[in-house]
Amino acid sequence: MKGKKYITDSEHRKCQKIASVFSILEEDDIVLLDVGRYGFAALFYYTPQRGFDTVKSFTDSKEMFDYLWEAWLESQLFRYAEAMNMGDLNCEQIFEKLPVQKQTELLSQQEVFLKMSEIPSEPMT
């Protein structure tokens, strides 16, 4: 529909803050775009021959934060696994092999991102 908005002004402002916080993901070939009335888009895995492999759109700030948090955490785990020559482990296996201090450091970053995004943190379950 011409002119129809798919994201509220409030959610758009929240998503803008989240996109700003997670702009660090661009070094991992994840690009975040403000697509106006359509919300936000995350573009993943760029190659010159094919362009971006995956596109994920967001109109909900909580969903966007959670998705980008997981993407950031995975990128950190895969970097660590590569540096430590861990082979073909999945994220959960890599995390379990981390020293407790490193696990705590990575998980505490979620609070930092929440605060930077100005999103109230929820109690961990």
(request) State which residue is nearest to GLN76 (Cα to Cα) when the search covers only segment 10-53 and only residues that are acidic (Asp, Glu) and at pLDDT 95 or above. (result) ASP34
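Looking only at segment 30-44, which residues are farther than 15 Å from TYR67 by Cα and not basic (Lys, Arg)? Outline the logic, then answer.
Taking segment 30-44 first, the residues farther than 15 Å from TYR67 by Cα are 34-38.
Answer for segment 30-44, where residues must be farther than 15 Å from TYR67 by Cα and not basic (Lys, Arg): ASP34, VAL35, GLY36, TYR38.
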(message) Being more than 15 Å from the chain's Cα centre (by Cα) and among the acidic types (Asp, Glu): is that true of GLU92 here?
(response) yes
(message) Looking only at segment 40-58, how many residues end up being surrounded by fewer than 18 Cβ atoms within 10 Å (Cβ to Cβ) and either touching a Cys at 6+ places or on another chain (Cβ under 9 Å) or within 30 Å of THR104 (Cβ to Cβ) (or both)?
(response) 3
(message) I'd like to check something: does segment 99-121 contain any residue that is touching a Leu at 6+ places or on another chain (Cβ under 7 Å) and either under 30 Å from LYS2 (Cα atoms) or polar (S, T, N, Q) (or both)?
(response) yes
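The values are calculated or read from the model by the stated rules, or taken from the named source; none is laboratory data. The structure presented is a predicted model; accordingly, all values stated were derived computationally and were not measured. Methodologically, a virtual Cβ is constructed for each residue, glycine included, from the backbone with ideal geometry; neighbour enumeration extends over all protein chains shown.
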